[in-house]
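The values are calculated or read from the model by the stated rules, or taken from the named source; none is laboratory data. As the structure is a computational prediction, the values presented were derived from the model and not from experiment. Note: ideal-geometry Cβ built from the backbone for every residue, glycine included; neighbour counts use all protein chains shown. Heavy atoms of the whole protein, side chains included, go into the accessibility calculation; ligands, DNA and RNA do not. Shrake-Rupley method; radii C 1.70, N 1.55, O 1.52, S 1.80 Å.
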Amino acid sequence: MYYYYRSPIGIFTVKIHKFRWGLFFNDELLGVYDTPVGAADDVYLQVTGYYEWDSLQGISLDIPTDIYEWEKVTI
């Protein structure tokens, strides 16, 4: 299972990575979290460490407020 969000600049994905949850942007690992909620929170707050995304703070974007608003894929 994994989650994804199609942002205006590309796709964020939250999936299992080394027994924890990884936050990826277009397959680039941005961070590792204990829960998928923590990863989605960083996307929502725009504190991912990915400059292109984080620098859009203050611009009106329709960002999901939590992971349960992301698309969920079960494999």
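Can you spot a residue in the stretch 53-73 that is in contact (Cβ under 8 Å) with a residue 60 or more places away in the chain and either among the basic types (Lys, Arg) or assigned to a loop (DSSP other than H, G, I, E, B) (or both)? Checked the stretch 53-73: at least one residue is in contact (Cβ under 8 Å) with a residue 60 or more places away in the chain and either among the basic types (Lys, Arg) or assigned to a loop (DSSP other than H, G, I, E, B) (or both). Taking the criterion of being more than 12 Å from the chain's Cα centre (by Cα) and not in a helix (DSSP H, G or I), no residue of the stretch 39-52 qualifies. Among residues of the stretch 5-38 being in a loop (DSSP other than H, G, I, E, B) and among the β-branched types (Val, Ile, Thr), the one that is farthest from PRO64 (Cα to Cα) is THR35. Number of residues in the stretch 21-65 that are open to solvent by less than 50 Å² (accessible area, probe 1.4 Å), closer than 20 Å to MET1 by Cβ and not β-branched (Val, Ile, Thr) equals 14.
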